[in-house]
Amino acid sequence: MYDVLWAAGVGLFLLVALWPTRSTGRRLLKSWKVSDPTPAQIDDAIRYLKRRRLLYPWLFVGMSFVPFASGRGVGSFAAVVLGGTLLAELIALSLPREGRQRVATLAPRGLFDIGSQYVLGAYAVIVLFGLGWLLVKLEIGRLPVFVVSVGAVAVIIWAAVARPADGDEEVDRALRTRSVHVSAGIGAAMVGALVGGGFLLAGIAAWVLMANTNVVSSKIVR
């Protein structure tokens, strides 16, 4: 019961503390190279953030029932927060956006057209390292969480590439790239939490770096 209560408390705290405002939406768009966001573009960014934040309390509670995430250690806390955040990104990305017409692009959109090859390459290296570490250390009980984490990141990246564009093109491009980079960063931090020790801090550092890398291919399809 204690695990459920603190997970719900953390989720509610983050929901309130990170609740998006117009200044938050403007800042997000500017950080992803939308230089002078219009009010309508800011509204799009706010909706994008709200869909994710509202899922935090529910998903954090759900993560508290996962064997590895249950408990009171730093690793368990990180697993709940990181896992819940990653699932929020996945669920929010898959939900239809009300009032938006989706438009298929005429030219194919590739993975490196919206995501940095450095971010994606670093994430792949971290995943391979984490898998090797867990196998060598015989941490078999953590493999299911590892597989689900990697699978969630893969689905988010696939959806960001494959889904039709909707709403404002410039905002769609910025948020599409943000989803790829942020999910890869959370996935890297999740691997660090599963490996444990100092690797948790290394994973969080990788998350911060990936989530703030916005340089992508100049071939972005608009």
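The values are calculated or read from the model by the stated rules, or taken from the named source; none is laboratory data. Every value quoted in this text rests on a predicted model; they were computed, and no experiment measured them. When we count neighbours, we look across all protein chains shown, and the Cβ atoms used for this are built from the backbone with ideal geometry, even at glycine.
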Notebook entry, point to check: Name the pairs: first residue in segment 196-222 and at pLDDT 70 or above, second residue in a loop (DSSP other than H, G, I, E, B) and of a type in the set (Lys, Arg), Cβ to Cβ under 7 Å, at least 6 apart or on different chains?
Noted result: 214/33
Check: Any chance segment 109-118 includes a residue that's among the hydroxyl-bearing types (Ser, Thr, Tyr), modelled with pLDDT of 70 or more and within 14 Å of the chain's Cα centre (by Cα)?
Finding: no
Check: Name the residues in segment 195-215 that are in a loop (DSSP other than H, G, I, E, B) and over 25 Å from residue 31 (Cβ atoms), would you?
Finding: 196, 197
Item checked: Number of positions in segment 130-153 that are surrounded by 18 or more Cβ atoms within 10 Å (Cβ to Cβ) and either among the basic types (Lys, Arg) or in a loop (DSSP other than H, G, I, E, B) (or both) -> 1
Notebook entry, point to check: Just one of 16, 10 is out of contact with any Leu (no Cβ under 6 Å at 6 or more places or on another chain), touching a residue at least 40 places away in the same chain (Cβ under 8 Å), at negative phi and assigned to a helix (DSSP H, G or I); which is it?
Noted result: 10
Next item on the list: Hey, can you tell me all the residues within segment 25-49 that are more than 19 Å from the chain's Cα centre (by Cα) and either within 20 Å of residue 88 (Cα to Cα) or surrounded by 15 or more Cβ atoms within 10 Å (Cβ to Cβ) (or both)?
Entry: 26, 34, 37, 41, 42, 43
